[in-house]
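The values are calculated or read from the model by the stated rules, or taken from the named source; none is laboratory data. This one's a predicted model, so the numbers in the text were calculated from it and none came from an experiment. Every residue, glycine as well, gets a Cβ built from its backbone with ideal geometry; the counts of neighbours run over all protein chains shown.
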Amino acid sequence: MSEHQNDDKPLILYSYWRSSASYRVRLALALKGLAHELRPVHLVKNGGEQHTDAYRALNPQGLVPTLVHGELVLNQSLAIIEYLDELFPVKPLLPTTPDGRAQARAIAQLIACDIHPLNNLRVLAYLVEAGGFDEAARLAWYRHWTESGLAAVETLLSRHDAPFCCGEEPGLADCCLLPQVYNARRFNCPLDGLDRIQAICARLEGRQDVQAARPENQPDAS
């Protein structure tokens, strides 16, 4: 496949409205102003549409999001976002310098690789079904990993004074931060002391392009 073979093909995103990984990619698409087709995959209805043979053919893990672009099928939100950023360089989501890009990826991976995997839907369900957790124990698990992880993010952000995570405009790290804070609010995690995080999220939520990516504004929201 040539480097630009898919440039004129439509972007198709398989997404679930409450999936924070899907939310990351929706934010990236919105910030870059990229038209796309959204195909909802309901993770709860009918036992979970992610388990169908048709969807498993696209994503063997049975997770969202999945991006289809011509013949290319991509899983994993961070890989999708970086693909979009390289293919459509207008409104870049990564800083221009090597150290800036490394710092942005470090924050993004702290959230996407360390906080989120411990708290996603399938893990929380497993804690109840196989681990015998009651609701109080499940919530305590969620809040522990979310609060400790966001505290680390706050420390990283406090090293730089910028409107967004890594500069004057939102980028990759912001695409990861806002969905994680959205989930923290859902589970009533205290955000006291996370002043930089709350200020950045307030700026993001005030943007019209970000509003289009919000979970409540998705066609499958319920």
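Mind listing just one residue for me: the one in the stretch 12-45 that is under 13 Å from T66 (Cα atoms), touching a Phe, Trp or Tyr at 6+ places or on another chain (Cβ under 9 Å) and free of Cβ contacts under 8 Å to residues at least 60 places away in the same chain and, of those, surrounded by the most Cβ atoms within 10 Å (Cβ to Cβ)?
Taking the candidates together, the pick is S22.
List the number of the failed condition for L74; all other conditions in (1) crowded, with 17+ Cβ neighbours inside 10 Å; (2) outside the structural domain of Y23 (by TED's automatic domain parsing) hold.
With respect to (1) crowded, with 17+ Cβ neighbours inside 10 Å; (2) outside the structural domain of Y23 (by TED's automatic domain parsing), L74 is out only on (2).
Does at least one position in the stretch 90-97 carry a residue that is of a type outside the set (A, V, I, L, M) and either within 12 Å of the chain's Cα centre (by Cα) or within 19 Å of V153 (Cα to Cα) (or both)?
yes
Condition first: over 20 Å from L93 (Cα atoms) and in a helix (DSSP H, G or I). Now tell me which residues in the stretch 8-45 satisfy that.
K45
Any chance the stretch 6-19 includes a residue that's of a type in the set (S, T, N, Q) and modelled with pLDDT of 95 or more?
The answer is yes, given that some residue of the stretch 6-19 is of a type in the set (S, T, N, Q) and modelled with pLDDT of 95 or more.
Would you check which residues across the stretch 76-134 are of a type in the set (S, T, Y) and touching a residue at least 40 places away in the same chain (Cβ under 8 Å) and list them?
S77
Please work out which residue is modelled with the lowest pLDDT, limiting yourself to the stretch 182-203 and to residues that are of a type in the set (K, R) and under 16 Å from R143 (Cβ atoms).
Per the criteria, the residue is R186.
Filtering the stretch 167-213 down to residues that are of a type in the set (K, R) and in contact (Cβ under 8 Å) with a residue 12 or more places away in the chain, which residue is surrounded by the most Cβ atoms within 10 Å (Cβ to Cβ)?
Per the stated criteria, the residue is R196.
Please note which helices (runs of 4 or more DSSP H) are completely contained in the stretch 102-187 and include at least 3 residues that are aromatic (F, W, Y) and out of contact with any strand residue (DSSP E or B) (no Cβ under 8 Å at 6 or more places or on another chain).
135-157
Working only within the stretch 109-126, note down all residues that are within 19 Å of Q50 (Cβ to Cβ), of a type outside the set (V, I, T) and touching a helix residue (DSSP H, G or I) at 6+ places or on another chain (Cβ under 9 Å).
A112, H116, P117, N119, N120, L124
Determine the pairs where a residue that is surrounded by fewer than 14 Cβ atoms within 10 Å (Cβ to Cβ), located within the stretch 46-58, has a partner that is not in a helix (DSSP H, G or I) with Cβ atoms under 7 Å apart, the partner being 6 or more residues away or on another chain.
What qualifies is H51/G62; R56/G62.
With the structure loaded, tell me whether I80 is touching a strand residue (DSSP E or B) at 6+ places or on another chain (Cβ under 7 Å), within 15 Å of A173 (Cα to Cα) and not in a loop (DSSP other than H, G, I, E, B) or whether it fails that test.
So I80 fits the description; yes.
Quick one: which of L191, L204 is more than 19 Å from Y16 (Cβ to Cβ), outside any helix (DSSP H, G or I) and of a type in the set (A, V, I, L, M, F, W, C)?
Exactly one of L191, L204 is more than 19 Å from Y16 (Cβ to Cβ), outside any helix (DSSP H, G or I) and of a type in the set (A, V, I, L, M, F, W, C), namely L191.
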